Amino acid sequence: MDKTIFHKEIRGVLSIMFLALFSCCNGNKTLSTERNSEALHAVLIYKTAKDYSNNIPLMMNEDKTEIVSYPAISDVSDKKKPQNLIDGYLLDNFGICKNTVYTSYTFEDYKKLTKQPNIQELKTKIIDFNPFVEIYKYNKVSPSIEILNQEISNNFINCEKL
């Protein structure tokens, strides 16, 4: 067999494999993006036992024995602070969940760090392992503050209690 023909056949086979692989990955990426988009649009309304609105949250595992997610210093900004709603409730802008704990780091302190704290350092900064009095998920996309305050006034009739 001529080397030129052989190389063309190999290139053809590789091209087909690449396209098939790319198509599969592209499909999964879209599906994953849709799931992530759904999670990003979850609107959480919550109340804490103490005021942690200026403290950095961490996400723990179900048993609250291990940190599973924490912010990079570059991810922390005032836009991530919760917004005040009526009756002491807050609108999440950070990405909390029922396994969230709060640290003694304030937003200002954390932004000024020059080195990312490691897991052990973060664990020593946890000040409340059970900060939430209530957490509700509002299942509609991009509600206004006014709508969320109405939801609170109406005893969360369109919300799922977490």
Do we have Lys64 as of a type in the set (D, E, K, R), within 14 Å of the chain's Cα centre (by Cα) and surrounded by fewer than 19 Cβ atoms within 10 Å (Cβ to Cβ) here?
no
Filter the range 37-64 for residues that are within 18 Å of Phe132 (Cβ to Cβ) and without any contact (Cβ under 8 Å) to a residue 24 or more places away in the chain and give the result.
Asp51, Asp63
Residues of the range 42-81 classified as hydrophobic (A, V, I, L, M, F, W, C) and assigned to a loop (DSSP other than H, G, I, E, B), total:
4
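Quick note: the coordinates plus some simple rules give every number you see, no bench work behind them. Everything quoted here is computed from the prediction, not taken from an experiment. Please note: Cβ atoms are built from the backbone with ideal geometry, for glycine as well, and neighbour counts cover all protein chains shown.
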